[in-house]
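The values are calculated or read from the model by the stated rules, or taken from the named source; none is laboratory data. Treat the numbers as computed from the prediction; the structure is a model and nothing was measured. Every residue, glycine as well, gets a Cβ built from its backbone with ideal geometry; the counts of neighbours run over all protein chains shown.
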Amino acid sequence: MPLHSVIVRLFILLLLGSEAFAGVNDPIIGQATNQNYPFRTFGAATVSSDLFSSKENGYKTIETKNEDRDNVFTLEGEAHLNSLYFQGQSGKPFVIIMPGIGGTATDGNLMNLARMFHKWGFFVLTIDDPFSWKFALTLNPNGVPGFFPNDAKILYQHLESVFSTVTKKYKPSYLGVWFVTYSLGSQYAQDLLKIDDEKKTLHFQQVVMLNPLLDIDYSLKKYDGINEPSQAMSDPWWHYQSLRNSLFGLVLELLFVGHSERQGYYYSHFPLNSSQSDALIGGTFKDSLDQVLYVTSMVHPDRDKLFTSELSDEDDEWNQDDRNDEIRKISFNDYFGKFVLPMIPGVKNTDSSDNVIYSFSLKYNLQTIAADKRIKIVLTKDDPLSRPEDNQLFSQTFKDRALLLDVGGHCGMFWFPGFEADFKAFLKIE
């Protein structure tokens, strides 16, 4: 063994203790076909996705601006979206990739998928999710995403514009258009296909949904009330483990950049229990909602009625603490009931947000969605946002158009090479 390898191993062993290597041959959660996934818990899989993101480059940036929103108070200069375009190989498909809740075109997890499809020769375009603060500020008329059919119309117009810019400027010679999305982004797939069938602009040939939420009422409510990581992570042992593993992660970043298998050691030993995993994931979801709500509080026509807190001027700087405190108290259920419900035609004040959210769920229209042979889905058994019976229903309904993996958490498997092999085989890409 080379001397430098011995030194590196000794350094890591000293840093982490024997746990770093003791678990290499331990049982893992499971396998997807014959590919090992280096995770102990769904939380480790899920939260690893952005941290171990692809460092892809070589893309072109397509900017979308809204001059009318560029001077929104405290959000000056933020009303723009950056879509990323990767030139592909002639005769390959053109894939549009959109993240889940709060995601942008440059998110780490999204870039993992972009890298993968670009490696396969695809023309790739990444875009922001409509349920993100940048999208809400730039393109949503009242800054309130969540009425998914309406959001899909805004999204499709955005896609038409960006796609037109790309095709005119870079003239890609592609074979058909795919749409790939994950998590809450899957809620838009059915409406996008309907719009595209009517307008016939993009002509989607395939739609792939990864870790779609069968019942978003269940998924979102699961994290209402458990989104404060400090409560779950107050144990001093957690802080010690977190610091130790953070140092280990830094070492791996410095020594093994691009080697996802070795980076996997970090999260295969990350000591997350179920409540800590829930807190991390729930906190991420709630942060996304809070950011959207701040935009809503600044652009909604009735913002003064919807929000009671004021921004205070302190030493020529605007203090947003009171507004942020008010926003943090708004749960997903509150958001849909107070902000989304009034936007829906025909909905009465007596209707509950539960019923409305359920009507948006894939479960409500599952048979219709599954009847569209262009749609394929990828699921993980340890997805914390889905129940076992959800995966079973998905699998039974979509049959050979569903890929069910043993592990990966919620969209936490994109960066690992084992997933790439399974995904490529499932999509029948040569």
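So here's what we get for this one:
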| read-out | value |
| --- | --- |
| Qualifying residue in region 158-178 (condition: of a type in the set (S, T, N, Q) and within 16 Å of the chain's Cα centre (by Cα)) | no |
| Extreme residue, surrounded by the most Cβ atoms within 10 Å (Cβ to Cβ), among residues of region 91-112 that are farther than 18 Å from Phe419 by Cα and β-branched (Val, Ile, Thr) | Val95 |
| Index of the failed condition, Ala421 passing every other in (1) over 18 Å from Lys363 (Cα atoms); (2) crowded, with 22+ Cβ neighbours inside 10 Å; (3) of a type in the set (Gly, Ala, Ser) | (2) |
| Residues of region 163-189 satisfying the condition of being buried (at least 20 other Cβ atoms within 10 Å of the Cβ) and over 17 Å from Phe122 (Cα atoms) | Tyr182, Ser183, Leu184, Gly185, Ser186, Gln187, Tyr188, Ala189 |
| Wholly enclosed strands (runs of 3 or more DSSP E) of region 116-212 bearing at least 3 residues touching a residue at least 40 places away in the same chain (Cβ under 8 Å), closer than 21 Å to His410 by Cβ and not charged (D, E, K, R) | 177-182, 204-210 |
| Test for His269: is it of a type outside the set (Phe, Trp, Tyr), at pLDDT 90 or above and surrounded by 17 or more Cβ atoms within 10 Å (Cβ to Cβ) | no |
| Scope region 295-317; condition modelled with pLDDT under 90, part of a loop (DSSP other than H, G, I, E, B) and either acidic (Asp, Glu) or under 28 Å from the mean Cα position of the chain (by Cα) (or both); matching residues | Glu310, Asp315, Asp316 |
| Residue within region 418-425 that is part of a loop (DSSP other than H, G, I, E, B) and either at negative phi or without any contact (Cβ under 8 Å) to a residue 40 or more places away in the chain (or both) present | no |
| Selection count where residues are acidic (Asp, Glu) and part of a loop (DSSP other than H, G, I, E, B), scope region 367-417 | 4 |
| Checking Asp128 against (1) touching a helix residue (DSSP H, G or I) at 6+ places or on another chain (Cβ under 6 Å); (2) over 30 Å from Leu75 (Cα atoms), the condition it does not meet | (2) |
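Table: residues versus (1) buried (at least 23 other Cβ atoms within 10 Å of the Cβ); (2) of a type in the set (S, T, N, Q).
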position: Ser361; (1), (2): no, yes
position: Ala370; (1), (2): no, no
position: Asp390; (1), (2): no, no
position: Gln396; (1), (2): no, yes
position: Arg401; (1), (2): no, no
position: Asp406; (1), (2): no, no
position: Met413; (1), (2): yes, no
position: Glu430; (1), (2): no, no
